Amino acid sequence: METTAQDIDTLFLEERRFEPSGDFAARANAQPEIYDRDFEEFWESEGRERVAWFEPFTKLYEWDPPYAKWYLGGKLNVAWNCLDKHVEAGRGSTVAYYWEGEPEDERREVTYADLLTEVTKLANGLKALGVGKGTPVGIYMGMVPETPVAMLACARLGAPHTVVFGGFSADSLAGRLQDMECEVLITQDEAWRRGTTVPLKKTADEAVAESPSVRHVIVLRRTGNVVPMEDGRDQWWHDVATDESECPAEPMDPEDLLYLLYTSGTTAKPKGIAHTTAGYLVGVAATHHYIFDLKRDEDVYWCAADVGWVTGHSYIVYGPLCNGATSVLYEGTPDYPDRDRWWAIAERYGVTILYTAPTAIRSHMKWGPEHAEKHDLSKLRLLGSVGEPINPEAWIWYHDHIGGSRCPIVDTWWQTETGMIMITPLPGITTTKPGSATKPFPGVDAAVFNDAGEEVGPGGGGYLVLRRPWPAMLRGLYKEHDRYVETYWSKYPNVYFAGDGARVDEDGDFWLLGRVDDVMNVAGHRISTIEVESALVDHQEVAEAAVAARNDATTGQAIVAFVTLKGGAEGSVTKLEELRNHVARKIGPIAKPANIVFTPELPKTRSGKIMRRLLRDVAENRPLGDTTTLADPTVVDEIRSRGAEEQSKED
Ligand code: WTA
């Protein structure tokens, strides 16, 4: 396991307890009996309650490991549930998104009726370009209301989408477009980020040049700067999305593909996580309802993730819209133009529920509480955390400085693969402990196993597993059955292996301890060591590279690369920058190594395998583990001494 015994003990020394307040408990969507509910009864009634069906389902689920099907026999449409359902019920004038652009004077209120109109127009336009049920569509956009519009227009037609985070490079985008064989790409001219523009269309052009399946590119005008448009291939969104006549929502089967979302695994090739229609929608809507305690006519909910990640899919778009929530959507960075930007937004819209990541909380901590203090955050009543283990110090800071010591915090554990939150407190019920995600959500069967596949009792550590299927679970890896079985289902028979270490304490509360594989978690982003290594060796002067993570006070983990240059060349500051930029070009800026140590050799076993474990020790500045299997034990000392002089860089 990556985590040291000391980390675990530190967590277990965390003895602060936060009881739910009586007021919150009295009105909470989840009442204590929820934990007594039977698995099947719970998911059946959630299936009826959260989702509207064109035809009701006839069978709750089928489990043929490692594949599950849910809500069989029903017919439904996700976009209909997110839009028409509310408009038909007379809630068309309710705000779906309060959107704020990064330039402060740009604000829009998008109601459910507006959203339906925009989705209808784009869906009609897509249809005219030949998009229909089953046509794969790529989406490469920033945080603008048109991104959910694009996703919902696809869902309306039954066209599966893949959203690619706007920070990814042309290579990363092309890899995804090629793998899914997308026929259409929806993008925008540019996006705003920290006061400068991000050239999305330019990057998209490079990617599309490598992606022969893409026939059409639809371009939203966002910043208005001139971008080249290719005749016959590229069209402006405002020219495509003009037809307001009704576009009926396609009745879909429960197991029709809703989207693919690519995520890092332990090889260089990202995995296409497949999510389907009914189970996914029930899963995200039910968890959103109970965990965020949504009162849709009172709350203003803000999930500050990017739509390009699973958190954005499930808890900015599909869950909240299915539940009829009013959300905030913000385009830019938290420190633009000033470090109080988030708190200005929270005050302006009267945000009541805020969901963000520990890495963001730690940035705010670093900037100081005075920025939040300038604003009235008294409407906040619930806080959430996601993406990585939250250290107790950040938890307490969030609780005191943002939540005014009155808001419950839900620390939610889940993954792109799970689609929905799996381990979490329920506000109003759970006594929380800083650093613990506490209990499995009702209808979720999580446990901690040892290597032998036995359940570990209270106090014990091991691997987090899920023993029963759940509605929003992935339906496999796109076109990679063997990899699906190998990654999640081969460690324990018929039990899902999450790739995370965990412990359960005396109260049955779960403490997540980070990844146990070669996946790093940098600022809440999943990046595999091997992906970064391949990007580095792709550089013509690099002979070999190995990548490890070290702890970082802000980003959780930071990437350290050990690089051997060809022909025994020595590294330099220029080379270091060049390599960092090369990785940014190959994958995206999020994957840039924080440190690069140039070394004439990497530590290898006698059979030539790189000993990453030792590099992790070096990266972390820990005493070295067993070095007896090294071919040349002096290599590590050399790296150590170089590591001491290494250049450290921060973005
Ligand atoms: C980590 C993000 C501890 C974990 C929704 C998981 C967490 C990976 C938590 C999934 C949490 C996410 N506590 N660790 N509350 N939430 N993780 O696919 O290692 O981007 O396996 O999904 O993030 O990352 P992904």
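If you average the alpha carbon positions of region 236-275 and of region 525-565, how far apart do those two centres end up, in angstrom? Cα centres, region 236-275 to region 525-565: 31 Å. The alpha-carbon positions of region 421-495 define a convex hull whose volume is 117 Å³ per residue. For the chain, the carbon plus sulfur part of the accessible surface works out to 48%, probe radius 1.4 Å. Beta bridges assigned by DSSP with both partners in region 117-250 are antiparallel in approximately 15 percent of cases. Looking at the chain, the DSSP beta bridges with both ends there are about 60 percent antiparallel. Each principal axis of region 51-185 carries a Cα extent, and these read 51, 45, 30 Å when sorted largest first. Heavy-atom accessible surface of residue 258, to the nearest 10 Å², is about 10 Å², with a 1.4 Å probe and all protein chains retained.
How big, on average over all directions, is the shadow cast by the Cα convex hull of region 117-250, in nm²? Its average projected convex-hull area is 7.2 nm². Expressed per residue, the C-alpha convex hull volume of region 253-408 stands at 126 Å³.
In this rough spin-label picture, where each label sits 7 Å from Cα along the Cβ direction, the residue 34-residue 637 distance is 5.9 nm.
Computed over region 184-254, the percent of Cα pairs more than 13 Å apart is 69. Within region 42-186, DSSP assigns beta bridges of which about 65% are antiparallel (rounded to the nearest 5). The packing ranking of peptides 249-255, 412-418, 90-96, highest mean first, is 412-418, 249-255, 90-96, where packing means the average number of other beta carbon atoms within 10 angstrom of each residue. Along the Cα-to-Cβ line of residue 573, 7 Å from the Cα, sits a label point; which residues in region 587-622 have backbone N less than 15 Å from it? In region 587-622, the label zone of residue 573 (backbone N under 15 Å from the point 7 Å along Cα→Cβ) covers 596.
If you bin all the Cα-Cα distances of the chain at 20 Å, starting from zero, the percentages per bin are 19, 55, 25, 1. Rounded to the nearest Hz, the phi-derived 3J(HN,Hα) couplings of region 440-450 under the Karplus curve 6.51 cos²θ - 1.76 cosθ + 1.60 (θ = phi - 60°) are x, 4, x, x, 10, 10, 9, 8, 10, 10, 8, where x marks glycine and proline.
Percentage of Cα-Cα pair distances in region 539-650 greater than 24 Å, rounded to whole percent? Considering region 539-650, 21 percent of its Cα-Cα pairs are separated by more than 24 Å. Summarising the label geometry, the points placed 7 Å from Cα in the beta-carbon direction at residue 490 and residue 541 lie 3.8 nm from one another. Sorting the segments 568-574, 539-545, 481-487 by their residues' average number of neighbouring beta-carbon atoms within 10 angstrom, most packed first, yields 539-545, 481-487, 568-574.
Averaging the sequence gap over all C-alpha pairs within less than 8 Å and six or more residues apart, then dividing by the number of residues, gives region 239-341 a relative contact order of 20 percent. Computed over protein heavy atoms with a 1.4 angstrom probe, the accessible surface ordering of 335, 299, largest first, is 335, 299. Here, region 42-131 yields an orientationally averaged convex hull projection of 9.5 nm² when only Cα atoms define the hull.
At q = 0.17, 0.20 Å⁻¹ the log10 of I(q)/I(0) for region 451-570 amounts to -1.03, -1.19, computed by Debye summation with a single uniform scatterer per C-alpha, solvent ignored. Counting only heavy atoms of the protein chains and using a 1.4 Å probe, residue 614 has close to 0 Å² of accessible surface. As a length-normalised measure over Cα pairs under 8 Å and 6 or more apart, the relative contact order of the chain settles at 13 percent. Rounded to the nearest 0.05, the FRET efficiency derived from the C-beta distance between residue 105 and residue 243 at R0 = 41 Å is 0.85. Restricting the calculation to Cα atoms, region 99-154 shows an Rg/Rh of 1.03 when the hydrodynamic-style radius is the Kirkwood one.
Between amide H atoms placed 1.01 Å from N, distances below 5 Å from residue 543 occur with 564, 565, 566, all of them 5 or more places distant or on a separate chain. For region 338-455, pairs of C-alpha atoms spaced more than 18 angstrom apart make up 53 percent of the total. Using a probe of 1.4 Å on the protein chains alone, the accessible area found for residue 345 is around 0 Å².
The values are calculated or read from the model by the stated rules, or taken from the named source; none is laboratory data. Everything numeric in this text was worked out from a predicted model, so none of it was measured. Note that we place each Cβ from the backbone using ideal geometry, even for glycine, and neighbour counts take in every protein chain shown. Side chains included, ligands, DNA and RNA excluded: accessible areas come from the protein's heavy atoms. Shrake-Rupley method; radii C 1.70, N 1.55, O 1.52, S 1.80 Å.
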